[in-house]
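What follows is a set of notes on a single structure, which appears directly below.
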Amino acid sequence: MNKINILIPDGDDDRTIKVIQSPGISGLTRNFVLTNRGNEAHYSRFSTPFSISRGADQDEINALLKRVLGKYAIDVILPVAEKGIAHIHQNDWLKQWKTALVPDAEAMARVGNKWELHNTLQSLGLDT
């Protein structure tokens, strides 16, 4: 059986290690992770890391993404956190690849702001 190639664009998030371990243990995936050298995901046996500097700007991230996507047959892009989701929304060229289900930009903005989240929950009749 062929392995599924997963690209995680925001590997510097603390949740990345759990995300790569879950499918990695199954042996059914190969995880390609953009991360900095100080992150534990960089050293995981379940990942193929690609180093990105801390605080890299959009151009640096996009250059590395293009290099990885051009070299490997990536089946799905799986952002781990808000940073990765936002990066996909801000870069339309990434939409030619399959991405994991991600919330739309408006929903992300609404729940990422406490006051907006409060107002949204109130409008739905939910206690806050």
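The values are calculated or read from the model by the stated rules, or taken from the named source; none is laboratory data. Note that the structure is a prediction, hence the values are computed from the model and not measured. No Cβ is skipped: glycine too gets one built from the backbone with ideal geometry, and neighbour counts run over all protein chains shown. Side chains are part of the model used for accessible areas, which takes the heavy atoms of the whole protein and leaves out ligands, DNA and RNA. Shrake-Rupley method; radii C 1.70, N 1.55, O 1.52, S 1.80 Å.
From the Cα gyration tensor of the stretch 49-94, with a ≥ b ≥ c the square roots of its eigenvalues, which class applies: rounded if a/c is under 1.5, or else prolate if a/b is larger than b/c, or else oblate?
On the way: a/c = 1.44, a/b = 1.11, b/c = 1.30.
Note, shape of the stretch 49-94 comes out rounded.
Computed about its Cα centre, the charge dipole of the chain is approximately 620 debye, with only Lys, Arg, Asp and Glu carrying charge at their Cβ.
Ordering Phe50, Phe32 from largest to smallest accessible area (1.4 angstrom probe), what's the sequence? Intermediate results must be reported in sequence, preceding the final value.
Numbers: Phe50 30, Phe32 5 Å².
These residues rank, largest area first, as Phe50, Phe32.
In the chain, helices alone account for a calculated mean residue ellipticity at 222 nm of -12000 deg cm²/dmol, with every DSSP H run of four or more residues adding -39,500 (n - 2.57). The distance linking the stretch 97-128 with the stretch 1-35 is 26 Å (Cα centroid to Cα centroid, whole angstrom). Computed from point charges on the beta carbon alone (+1 for Lys and Arg, -1 for Asp and Glu), the dipole magnitude for the stretch 1-67 about its Cα centre is near 380 Debye.
Between Gln96, Gln21, Gln58, the residue with the greatest mean-square fluctuation in the GNM of the chain (Cα pairs under 10 Å linked by springs) is Gln96. Once backbone amide H atoms are built at 1.01 Å from N, Gly11 has Leu34 as its partners under 5 Å, excluding neighbours fewer than 5 places away on the same chain. Residues whose amide H comes within less than 5 Å of that of Ile4, counting only those at least five positions distant or on another chain, are Thr29, Arg30 (H built at 1.01 Å from N in the peptide plane).
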